[in-house]
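The structure under discussion appears below in the form of structure tokens.
The values are calculated or read from the model by the stated rules, or taken from the named source; none is laboratory data. In this text, all values refer to a predicted model and were calculated from it rather than measured experimentally. Heads up, the Cβs are rebuilt from the backbone with ideal geometry, glycines too, and the neighbour counts pull from every protein chain shown.
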Amino acid sequence: MKKIIVLKGVSKSGKSTTINKLYKELSGIESKRKEVIKSFEYKDKKIAIISIGDLLELIERYFKQIGDFDILICACRSKWATPEFYEAKRNSDCDVEFIPKEKGKYGDDEIVKQIKNKIDEWINKNP
């Protein structure tokens, strides 16, 4: 089963910044753009990242563009249609986990570490 980790928060809470840091941590590549739509290999698994989380139309387009993946890390707003998009994926063929991104509550490094640990745990259970 595919795994989707969704960083969920209000607009301007730093979701894209956190996902960019995670991308650099996992891939070793620093993105020069705020929005990241990438896929790469990590520990023999295809990881996909979509940092855009505000507009459903873009999320749907980039989700299709990414294609097949083992683990997807993405962002979404706390309300409106974007969380519902990922909830629907949970009800189809994906294990979906939401991680809250709240202004000032946790630093980016803490959240990056938390997500990376979840990825490594999932990979260890699904070699």
Item to complete: State the number of residues belonging to the stretch 1-19 that are in a helix (DSSP H, G or I) and in contact with a helix residue (DSSP H, G or I) (Cβ under 9 Å, 6 or more places away or on another chain).
Response: 3
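With the condition kept exactly as written, say whether any residue in the stretch 84-95 is assigned to a helix (DSSP H, G or I) and among the small types (G, A, S).
Step one: filter the stretch 84-95 for residues assigned to a helix (DSSP H, G or I), giving 84-90.
Then keep just the ones that are among the small types (G, A, S); that gives 88.
Yes, the stretch 84-95 contains a residue that is assigned to a helix (DSSP H, G or I) and among the small types (G, A, S).
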Worksheet entry | Restricting the stretch 83-108 to residues that are exposed (fewer than 12 other Cβ atoms within 10 Å of the Cβ) and in contact (Cβ under 8 Å) with a residue 12 or more places away in the chain, the residue that is farthest from L7 (Cα to Cα) | D93
Worksheet item: Restricting attention to the stretch 58-108, and to residues there that are aliphatic (A, V, I, L, M) and under 13 Å from the mean Cα position of the chain (by Cα), which single residue is farthest from L26 (Cα to Cα)?
Response: I59
Practice prompt. Please work out which one of (1) touching a residue at least 60 places away in the same chain (Cβ under 8 Å); (2) assigned to a strand (DSSP E or B); (3) not acidic (D, E) is the condition L26 fails and give its number.
Written response: (2)
Item to complete: Can you give me the number of residues within the stretch 32-82 that are in a loop (DSSP other than H, G, I, E, B), modelled with pLDDT of 80 or more and either surrounded by fewer than 18 Cβ atoms within 10 Å (Cβ to Cβ) or out of contact with any Leu (no Cβ under 9 Å at 6 or more places or on another chain) (or both)?
Response: 6
Worksheet entry | Cross-chain or 6+ apart pairs with Cβ under 9 Å, the stretch 112-124 first and touching a residue at least 60 places away in the same chain (Cβ under 8 Å) and charged (D, E, K, R), then buried (at least 16 other Cβ atoms within 10 Å of the Cβ) and in a helix (DSSP H, G or I) | K116/L22; K116/L26
Discussion item. Among the numbered criteria (1) under 16 Å from I123 (Cβ atoms); (2) modelled with pLDDT of 90 or more; (3) crowded, with 16+ Cβ neighbours inside 10 Å; (4) under 14 Å from the mean Cα position of the chain (by Cα), which one does V6 miss?
Written reply: (1)
